[in-house]
Each structure stands twice: as structure tokens, then as C-alpha cells.
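The structure appears right after this line, and notes come after that.
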Amino acid sequence: KIEEVKLPIIKGVASVPSHFLPQIPYDPIFPTIPNGDELASRTIDGSHPTLAGIFSILSTFLIELYRADQELLHREQPKAEKALALFFDVADEYIRPFENQYRGKSIFPIREDESLFLSLAAYREHLLSDTLTYAYGRAKHPEKLFVGAVVQNCFGRILNDDDYRYVDIKGQPCKTGLEVIGQVAGQDQTKMSDAPPDKNGILDFCTSELGKPICDRGQIRVLYVHSSGSLGPAMARYHASKLWGGETYFVQTDSHLQFANEWDDKYIQEIKTTRNFPKSVLSSY
């Protein structure tokens, strides 16, 4: 049970930078960005990078990778080497041009307003909403906190091999992890069971009293990925990092955490005491 978190008073927010618009919606799970192709093109060529353009680039990459994977599965039983080569082929086409454009430089101007970006990668995480509640509920300056989350859930049964955005959520289309159902001769007996779609922690938070005004202001940026198409924690953290919008500070944590009171200010004050600030990294595990 989550501990009681006092709701903070959100003060007025400064004018929104142009690269924040159009806002990336947190619902539905696989949104279509108006003029997404144009925004992606202008981001790749460097003429006007936007968060929505980056979102469109990442979404297209994931859709095309899923389509290519399905084509390969229908043709043959692929070996790991072929699947890996396919990944690099799709990444070269859809990700490399974006990376080449911004290699060695910042995509967006770094803001000087003490804002903080929190990068979260969540895999079928039932505590994601609690984590966001702690992060914002205990921040000294919640109005300066922006989240980039990659949510890898089972959203339902995928209906279309060409586009994973079409899903059927009826019944129990998902699977649990391995569950221990008993022991035989001292050995755990396990099984996987049918299950309903996973809890969407983003939607739970964004419809809460604390979360709704935060989400409506665009402080939560989310990229949804089918758990069956997850590329592992490293790629999820890569995708989450690309949702950074120029915030002054960058924080990366797990998606199942509690936060101390005024944790944001404490981290900022601590990093400022380092001798090589602002080129400093605080790390722990």
C-alpha cells in the first residue's frame, strides 16, 4: 500500500518552448501525431527538432521493426544472427539518420531554469503509478519535473501483423510470468496463466487528482511498446533518453521507487557541490 503523499501546490509554469509542441498525448496508448511524418523529417534534417518529431521517429522504427520481424517469422524459423541483422537493417534506415544529425551536439538548447528530466523504463510494471506519485508528490518543485517513460506492457492481442497498434483487449489475451503453484519432492512447480491486459500506470497516474494537471501540461512524455516486442532494458533506456526536452538536469531511475521529501532539490544541491560541476555525474546502485 502506498504511503500517504501530500499533494503539492503547482505554481504557474513558464511559457512552453516551441519544441514541446505539439504535445505527445499519454492516451491512447498508440497515438497518431498530426503531421508526424513532417515533424520527423524536420527533426532529422535539423531544421526544427521537436519532441513530437522524435516520438514519430521512434514509433515508426518500432512499427517497421515489428513488421519486418513478422515477415521473417512467416518465411522461416529464424536464427538469432538473422534476427539481429534485421534489427540493424531497420535501425540503419530509421534511427541512424537521426543519430547522425545530432552526434556530438545537443538536440535542444539546455534550459537554465533548474528543470529536471526523469527517465523511466518500465516492463510490465505494476508500481509505475506509485513511482510517479512519489516523484511528484515529494518534489520541492514538481512544476519543474518532466518524465520520459517507456512503458513495455501487454496491451492485448495484436490483430495486425503490419501494424501492432491494433489490439484486442477482450478477455485474457496476455500471459503471466512463471508462477509457483506448489512443490513436488522439494522442487517448485511453475506455470504460466492467461491474464487480462497489464495495468497502465501512466493512465492511472494521469487520471488521479495529483497527476491529471501534470499530464495535461505535458510533463509526462510516454512511448508505449508491446512487451512481446521489447528490445531489453538498454534499448528501453535509449528510447526514454530521447524524450529529454532540454531540461537542466537528467535523472535515470528504476520505475518502482519511493522518493524522499524534496528529493529533486537535494540532488541538485549535491551535484552542485562536486568540483567538476556542471560536468558531473552522481551514481549509485
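Here, each number is a calculation from the coordinates, and none is a lab measurement. Only a predicted model underlies this, so the values are computations on that prediction, with no experimental measurement involved. FYI the Cβ positions are ideal-geometry reconstructions off the backbone, even for glycines, and counts take in every protein chain you see.
Quick notes
- Taking a Cβ cut-off of under 11 Å around residue 116, the surrounding Lys, Arg, Asp and Glu residues balance to a net charge of -3, with basic ones at +1 and acidic ones at -1.
- Close amide H pairs (under 5 Å, H built 1.01 Å from N) link residue 119 with 148, 251, 252, 253, residues at least 5 positions away or on another chain.
- Quarter of the Cα convex hull surface for the stretch 186-253, i.e. its orientation-mean projected area (nm²): 7.9
- In terms of overall dimensions, the stretch 1-141 has a Cα radius of gyration and Dmax of 19.2, 57 angstrom.
- Estimated at 0.36 nm per residue, the fully extended path between residue 190 and residue 234 surpasses their Cα-Cα distance by 13.0 nm.
- Applied to the stretch 29-35, the Karplus parametrisation 6.51 cos²θ - 1.76 cosθ + 1.60 on θ = phi - 60° returns per-residue 3J(HN,Hα) values of 5, 10, x, 9, 7, x, 6 Hz, with x for Gly and Pro.
- Cα shape, the chain, gyration tensor, a/c 1.5 rule: oblate
- In plain terms, if you count all Cα to Cα distances in the stretch 147-231 and split them into 10 Å steps from zero, the share in each step is 15, 34, 29, 16, 5, 1 percent.
- For residue 174, the residues whose amide H sits under 5 Å from its own are 195, ignoring neighbours fewer than 5 places away on the same chain, with H placed 1.01 Å from N.
- Compared with the alpha-carbon gap, the fully stretched path from residue 169 to residue 96 is longer by 22.9 nm at 0.36 nm per residue.
- Relative contact order, whole percent, for the chain stands at 25, derived from Cα pairs under 8 Å and 6 or more residues apart.
- The stretch 129-280: projected area of the alpha-carbon convex hull, averaged over directions, in nm²: 13.2
- Between residue 256 and residue 35, the modelled label-to-label distance comes to 4.3 nm, taking each label 7 Å out from Cα in the direction of the beta carbon.
- Along the stretch 187-204 the Karplus relation, 6.51 cos²θ - 1.76 cosθ + 1.60 evaluated at θ = phi - 60°, assigns HN-Hα couplings of 9, 4, 9, 10, 7, 9, 10, 5, 8, x, x, 5, 5, 8, x, 5, 5, 4 Hz to successive residues, with x for each Gly and Pro.
- Proximal charge balance of residue 93 [Cβ under 14 Å; K/R count +1, D/E count -1]: -2
- The alpha-carbon positions of the stretch 93-205 define a convex hull whose volume is 212 Å³ per residue.
- Highest mean first, the peptides 152-160, 192-200, 179-187 sorted by other C-beta atoms within 10 Å per residue fall in the order 152-160, 192-200, 179-187.
- The label point for residue 176 and the one for residue 267, both projected 7 Å from the Cα toward the Cβ, are 3.4 nm apart.
- Over the chain: helical MRE at 222 nm, DSSP H runs n ≥ 4 each giving -39500 (n - 2.57), nearest 500: -10000 deg cm²/dmol
- Spacing of the modelled spin labels on residue 74 and residue 279, each 7 Å from Cα toward Cβ, amounts to 5.2 nm.
- Report note on the peptides 259-269, 68-78: ranked by the mean count of other C-beta atoms within 10 Å, highest first, their order is 259-269, 68-78.
- Protection proxy ranking, peptides 168-176, 273-281, average beta carbon neighbours within 10 Å, highest first: 168-176, 273-281
- Residue-count net charge about residue 75 - beta-carbon cut-off 12 Å; Lys, Arg +1, Asp, Glu -1: -2
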